[in-house]
1. Quick check on the stretch 125-132. Is at least one of its residues under 30 Å from Ser31 (Cα atoms), among the hydroxyl-bearing types (Ser, Thr, Tyr) and over 10 Å from the mean Cα position of the chain (by Cα)?
2. I want to confirm something. Restricting to the stretch 1-39 and keeping residues that are acidic (Asp, Glu) and part of a helix (DSSP H, G or I), which single residue is modelled with the lowest pLDDT?
3. Looking only at the stretch 86-116, count every residue that is in a helix (DSSP H, G or I) and modelled with pLDDT of 85 or more and tell me the total.
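The values are calculated or read from the model by the stated rules, or taken from the named source; none is laboratory data. Just so it is clear, the structure is predicted and the values come from calculations on it, not from any experiment.
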Amino acid sequence: MHPEISRLLEQAEERYLQANEIELFRRYAASLARRMETYELLREKEEPIFQPVADNLVKAFPNENQETLERSLKHWLLIVRYCATAMLLSDPEFLQLRLQDWMKGLVETHNTQPIEEKIYQLLLASLKKHLSEKQLPLLLPFVDQAKKILLAESAGLS
């Protein structure tokens with residue numbers, strides 16, 4: 001849950017929320033419905049979203065080991081699932097903690113930065129085709145955050 005909303009709920013134990021706090025909670029509740037709809041769409045359309053990414057990845061790296069491409073693609077499947085959950089929770093820290101736990105040094109170890117960059121580009125194009133103009137902005141900040149974490153790790157930064 002969004003940290004600001006958690007704080008509001010904790011305060012509600014001691015007093016009633018002020019009008020501006022109730023308005024913040026209303027906006028959060030309204031956005032929760034949109035985030036839930038987007039989450040469900042991502043779950044239902046995972047294969048149609050990722051199939052063109054996989055197809056174009058093979059075309060972009062015809063001489064690359066198939067296992068390497070598949071490993072990077074599987075990582076991005078998990079990344080998008082984590083992004084979807086972080087979006088649903090409206091909690092960037094959730095994503096930060098999840099990705100740093102298992103991604104630390106991964107790209108550097110396998111030296112797949114160009115592949116990861118290409119998957120990110122292809123994924124953005126596919127997401128733009130499958131998500132509406134209202135849904136896309138809900139997810140994109142988390143996908144961008146994941147890319148930054150991935151590239152920071154691949155650059156040897158923490």
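1. If we filter the stretch 125-132 for residues that are under 30 Å from Ser31 (Cα atoms), which is where we start, we get 125-132.
Now narrow it down to the ones that are among the hydroxyl-bearing types (Ser, Thr, Tyr): 126, 132.
Next, from what is left, pick out any that are over 10 Å from the mean Cα position of the chain (by Cα): 126, 132.
Looking through the stretch 125-132, at least one residue is under 30 Å from Ser31 (Cα atoms), among the hydroxyl-bearing types (Ser, Thr, Tyr) and over 10 Å from the mean Cα position of the chain (by Cα).
2. The initial filter retains those residues of the stretch 1-39 that are acidic (Asp, Glu), namely 4, 10, 13-14, 21, 23, 37.
Checking the rest, the ones that are also part of a helix (DSSP H, G or I) come to 4, 10, 21, 23, 37.
On the way: Glu4: 72, Glu10: 82, Glu21: 83, Glu23: 90, Glu37: 96.
Per the criteria, the residue is Glu4.
3. Kept after step one, since they are in a helix (DSSP H, G or I), are these residues of the stretch 86-116: 86-89, 92-103, 106-110, 113-116.
Now narrow it down to the ones that are modelled with pLDDT of 85 or more: 86-89, 92-99, 113-116.
Adding up the residues that qualify gives 16.
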